[in-house]
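The values are calculated or read from the model by the stated rules, or taken from the named source; none is laboratory data. All of these numbers come straight from a predicted model, not from anything done at the bench. Note that we place each Cβ from the backbone using ideal geometry, even for glycine, and neighbour counts take in every protein chain shown. For the accessible areas, the whole protein counts, side chains as well, though only heavy atoms, and no ligand, DNA or RNA atoms are used. Shrake-Rupley method; radii C 1.70, N 1.55, O 1.52, S 1.80 Å.
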Amino acid sequence: VEVGNGNDDNSVSSIELPNFHTNYSDYSNVHHDDDDDEKVIKSTLSNTIQYRTNKPFKPTTLYNNKIYKQFTNHPKIQIYIATLSKTWKPTLSMFLNYFVTLSLFPGTIASIQSSSVEGKFQLGSWLTIVLLAVFNGADMIGRYILNVECGGLASLLLQEEVVLEEEEEDDEYNNNGCRRENDCDGGDVMLNEDILPGTHDITKKNDKQDIENANKASATTTTTTTSLHTGNKVKQQKRKHHPNYNILVWYQTLLRFLFFPIIAYCILPPIFQKASTTATPFISSDIIRCILVFIFGITNGFITCANFMITPTMVTREEERDASSFLLLLALYSGLTCGAYFGLVVDLFLTWCKGG
């Protein structure tokens, strides 16, 4: 390859490429133009990286990984990621709770009509108003339950246990002092001083900064030891655990999905009856309907209050408490939005089942 000499602008000197290209047929067909030095240099760099990775070089791979790292390594983003890793269960519970609520209330519940069976208690045209009032009253009661100390639910919910977790870490640098980064194809790209001078030092500085930011964002007590079997570092973390959360809140959130068929039975007739607009629903008693809507409302209020109460106790730093509140509100409004649109699907399905 002929390139310009720095001592004389008009002089040209010749350099020899590494011998590794003789083992690869892809390099033997490369034609270099003496007037296009920049193209030759870029081609040489590309072939060098391709030789070290045994994969085609993709400039967008390193670029996309850099953007992803800059986004995930931002201090505020790290705080939200660290907070979500500790509070994912109440955050998801909040989303599912309001997703189920808005899918059935008020649209589907308001479409329940009073029973026309003789001999049963009937509310007639007042049934819709009564159901809406029962839901809102039950929701208020559910939010107030945890404020009553005589029941002891609040102290039972906030009971904490400390759990020690161990995680084995692999060495980030290999024996040659090279750093491994995954590209889009799942391969390893070796960034070394021989390819890009100065890259290794800059990378190590960035890694130290990332570790410092991660430690600042962590709200758990962390100790590091060395494994006797593999020689890798073992990180021990002390995390807070609430043993009663699953029973009091999480399982209750999942059980609320049973209200989809229950409310449907309040509108649709039994399977063995012919579907029509005048057919008697499977659950035709107005009193039972009010009781079901009461349970539906009280669980909504209780889960909401419980999640807002327990989530700040899962973290210790002030920044993570603020982040947990934001994540809960984001999950709440996301559940409202998704549930409202899914309620249209539920209404169309019930209309189709009734033969309308």
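Overview of values
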quantity	calculated
Nitroxide proxy distance, nm - points 7 Å out along Cα→Cβ at Glu160 and Phe349	4.1
Convex hull per residue volume in Å³, alpha carbons only, for region 245-333	107
Modelled FRET efficiency - R0 45 Å, Val130 with Ile77, Cβ distances, 0.05 increments	0.40
Å² of accessible area per residue within region 290-354, as computed with a 1.4 Å probe and no ligands counted	47
